[in-house]
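Here, each number is a calculation from the coordinates, and none is a lab measurement. Remember, predicted model here, so these are calculated numbers, not experimental data. All Cβ positions, even for glycine, are placed from backbone atoms using ideal geometry, and neighbour counts span all protein chains on display.
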Amino acid sequence: MKESAFLDRQETVIAALKEVSFFSNLDDRQLHDVFKMSKLRQYDPNEEIMSEGAYDSFIYILLTGEVRISKAGSVIARLHKTGEIFGELGIINYEPRSASVHAVAKTSCLAVDAAFLDNLLPHDRDVIYAIVYKLFSEIVAQRLRVTSQELASVKEELARVKEELSHYRR
Amino acid sequence: MKEIPVPESPRSMVEALKNLSFFSQLAPRLLDDIFRTSKVRHYERDEVIIPEGSFDHFIYILIAGHVRVMKGSEEISELSEIGDLFGELSIIDSSPRSASVMAVTQTSCMAVDASFLDHLLPGDRHGVHAIIYKLFSEIASTRLRVSSAELAAAREELAIAKKELTRYRR
């Protein structure tokens, strides 16, 4: 993994990042504060970005490449769109990482240190919390819908297989 | 289902509702506005509270009883704690109901009209959104962790059952 220093003065990168929807609601000064707490990280194929069970304070925004998310060795999701966010769950509830993330191809991410949420000026706090947590809730809601749908269909299939097994076992 | 608008409920009931944790961070002035459009709803055993696929703009808070969350014919979760919130997903991303909710026993809920989130005064908007969407993120991310773990376990069980089935079929 190659990592940049904190993105304090890299104006060209910052200009590109402003296109990412996560940031489109922030003004220049607020963005600058966020970027001061952010690093650009580049990963090779199959390199681990995040490890299930670990603790850290970064939220990742995918810039280029593709990542796979796995839990106990089985892949639960893939992300490949610029601006997609991962690693927010550990931040929302201050819990260890619920899944591992690996680069599939050569991948670059912006790693935003979520400690910025604790260091906001009182004046900015409500505005940024409203934006960030609305976005978080949308991301998590979307993932919860997908997961519930899959859970229901796996349970249904499991019930069918068990039913069939019970005939053989007799 | 029997429905009583909150402002027509006994004063003691209204005071009890104000103590629900969902409201604890909101200014009393805002609660009066929210309560004006909220209802207390009583359900009989097995009655449907939310049908999957429908559209409405209520968030539910359990105040007595026990509910079951169903996707198709599969149960995906149960709630029985006073103050448990459900129905927030549709509010977060303005989508149809992703699951059905049914009363397991006689159940009472407060149905909060979530359109208050769109009608706040400019000075209140960010502050209230910060509180509510942070809470929504926390609830949804806790549920996502639980569902992801259940999904991983159900997939594993399914793989084992399928293996056994192949042996019998040979």
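Key figures
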read-out: Given charges at Cβ of Lys, Arg, Asp, Glu: region B:102-152 dipole, positive-most of B:V128, B:T107, B:L151; value: B:L151
read-out: Chain A, relative contact order [Cα under 8 Å, separation at least 6], %; value: 24 percent
read-out: Average other protein chain Cβ within 10 Å of Cβ, residues A:127-135; value: 6
read-out: Radius 15 Å from Cβ of B:V112, net charge of other residues (Lys, Arg +1; Asp, Glu -1); value: -4
read-out: Overall form of region B:88-127 per C-alpha gyration tensor (a/c, 1.5; a/b vs b/c); value: oblate
read-out: Estimated vicinal HN-Hα couplings, Hz - region B:73-85 in sequence order (Karplus 6.51, -1.76, 1.60; Gly, Pro = x); value: 9, 9, 6, 10, 5, 10, 10, 8, 8, 4, x, 4, 9
read-out: Order of A:T147, B:T166 under a 10 Å beta carbon neighbour criterion, fewest first; value: B:T166, A:T147
read-out: Electrostatic dipole magnitude of the protein assembly as shown [Cβ: Lys, Arg +1; Asp, Glu -1; Cα centre; debye, to 20]; value: 1060 debye
read-out: Gaussian network model of chain A, Cα within-10 Å springs - most flexible of A:V104, A:V154, A:V75; value: A:V154
read-out: Cα gyration tensor, region A:96-170 - rounded (a/c under 1.5), prolate or oblate; value: prolate
read-out: Per-residue [θ]222 nm for chain A (sum of -39500 (n - 2.57) over DSSP H runs n ≥ 4, rounded to 500); value: -13500 deg cm²/dmol
read-out: Size of region B:87-170 as Cα extents on the principal axes (Å, biggest first); value: 70, 31, 19
read-out: Distant alpha-carbon pairs in chain A (separation over 28 angstrom), percent; value: 30 percent
read-out: Ranked list, fewest to most other Cβ atoms within 10 Å of each Cβ, for B:M1, B:M70; value: B:M1, B:M70
read-out: Rounded, prolate or oblate (a/c below 1.5 giving rounded, otherwise prolate when a/b exceeds b/c) for the protein assembly as shown by Cα gyration tensor; value: oblate
read-out: Choice from B:S98, B:S73, B:S137 with maximal GNM fluctuation in chain B (Cα, 10 Å cutoff); value: B:S73
read-out: Length released on extending from B:T142 to B:E75, taking residue separation times 0.36 nm less the Cα-Cα span; value: 22.4 nm
read-out: Average beta-carbon neighbours from other chains, 10 Å sphere, peptide B:86-92; value: 3
read-out: Percentage relative contact order, chain B, counting C-alpha pairs under 8 Å, at least six apart; value: 24 percent
read-out: Length-normalised contact order for region B:53-101 - Cα pairs under 8 Å, 6+ apart - percent; value: 46 percent
read-out: Virtual spin-label span in nm between B:Q106 and B:L165, 7 Å along Cα→Cβ; value: 4.3 nm
read-out: Full-extension gain in nm, A:N93 to A:Y168, via 0.36 nm per residue minus C-alpha separation; value: 22.4 nm
read-out: Qualifying GluC sites (Glu not before Pro) for region B:63-170 [loop in DSSP, other Cβ within 10 Å: at most 10]; value: B:E81
